[in-house]
1. Among Tyr151, Val132, Ala183, whose Cα lies farthest out toward the positive end of the dipole of the range 63-194, if unit charges sit on the beta carbon of Lys, Arg (+1) and Asp, Glu (-1)?
2. Rounded to the nearest angstrom and ordered from largest down, what semi-axes does the equivalent ellipsoid of the chain get from its C-alpha gyration tensor (root of 5λ)?
3. Report, in debye and to the nearest 20, how large the dipole of the range 125-188 comes out about its Cα centre when Lys and Arg carry +1 and Asp and Glu carry -1 on their Cβ.
4. If I fit a long axis through the Cα atoms of helix 151-163 and take the longest principal axis of the Cα atoms of the chain, what angle between them do I get, 0 to 90°, rounded to 10?
5. If you take every residue apart from Val51 with its C-beta less than 10 Å away from the C-beta of Val51, what net charge results, scoring Lys and Arg +1 and Asp and Glu -1?
6. Quick one: if you take sqrt(5λ) for each eigenvalue of the C-alpha gyration tensor of the range 181-281, what semi-axes come out, biggest first, whole angstrom?
7. If contacts are Cα pairs under 8 angstrom and at least 6 residues apart, what is the relative contact order of the range 112-189 in percent?
8. So for the range 195-263, averaging the separation of alpha carbon pairs under 8 Å that are six or more residues apart and normalising by length, what relative contact order in percent results?
Amino acid sequence: MDICRTPSELRSHLKWLRKQGLSVAFVPTMGYLHAGHMSLIDRAASEAKRVIVSIFVNPTQFGDPQDLESYPRDVAHDLEMLEAANVEAVFLPSVEDIYPEGAETIVETMRLANVLHGEVREGHFRGVATVVAKLFNLVQPDVACFGEKDYQQLQVIRQMVRDLHFPIRIVGCPTVREPDGLALSSRNVRLTPEDRQAALVLSRSLDRAEELATAGATVEEIASTVTDMIVAEPRAALRAVDVTEALTLSPASGKPSGPLALMLSAEFGGILLIDQREVSP
Ligand code: PAF
């Protein structure tokens, strides 16, 4: 496995791959890899001949410097996992490589970035779109894989790829969960055992929402049931319950006529967790 620490190292590796006519699938990450990331890598391996992974904790998508500072990191362990997964190359750029002095270009999906979670995490999706656009330009993959857990992020990236004519196919991959239902996240290691137990309310309320949607409930009934369930958990500080049309993330109301996206976020002991599910009535 090649470790490319600079854009020029990455470029020469890519040149060599392309010369052999090998297709490339890309999985961008912020490291501290877990089974959720590995499922993206498995999917990537089935989509192209070679897989490239980036590890970059992107400062522009963190609102709170403390959150950036405390984001878990273990590059040595990540590299072991990537080597075992037969990844072709890992791109490990520095902040200066991605945001060189004087950089002033940003990428923003104007509507999608500023609704729902984007309203409460000001600038977050602008940071995501900007870094993913830069990584796409550097890696130039044929296909890129993203988790459906970050549902709004996935839609932001799909929109950006369409709007900016990136010749890249975006594959959304299902959320990977612990046996008890907790969605895998690098943030989970920061939860106390009590908060981890309390966080199960997220997947439980998604299960309930799915039951309600299948039974023909309205969007308002689904949203209020989920809100009540999370508010009833004393260790949870609810941040958002969003029930929207899937794909466009436009507001939904009444009896849904098509698939809905349910997106939840809540803090447990100050750790922000998100979870989502797409449900069809
Ligand atoms: O989902 C993530 O880990 C990040 O938001 C991403 C896509 C790697 C961009 O920094």
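1. Towards the positive end, the residue furthest out is Tyr151.
2. Working from the Cα gyration tensor, I get semi-axes of 33, 20, 18 Å.
3. 200
4. 50
5. So the environment of Val51 carries a net charge of 0.
6. Working: eigenvalues 123, 32, 23 Å².
The three semi-axes for the range 181-281 are 25, 13, 11 Å.
7. Averaging sequence separation for qualifying contacts and normalising by length gives 28 percent for the range 112-189.
8. Answer for the range 195-263 is 31 percent.
Quick note: the coordinates plus some simple rules give every number you see, no bench work behind them. Model, not experiment: these values are computed from the prediction. Methodologically, a virtual Cβ is constructed for each residue, glycine included, from the backbone with ideal geometry; neighbour enumeration extends over all protein chains shown.
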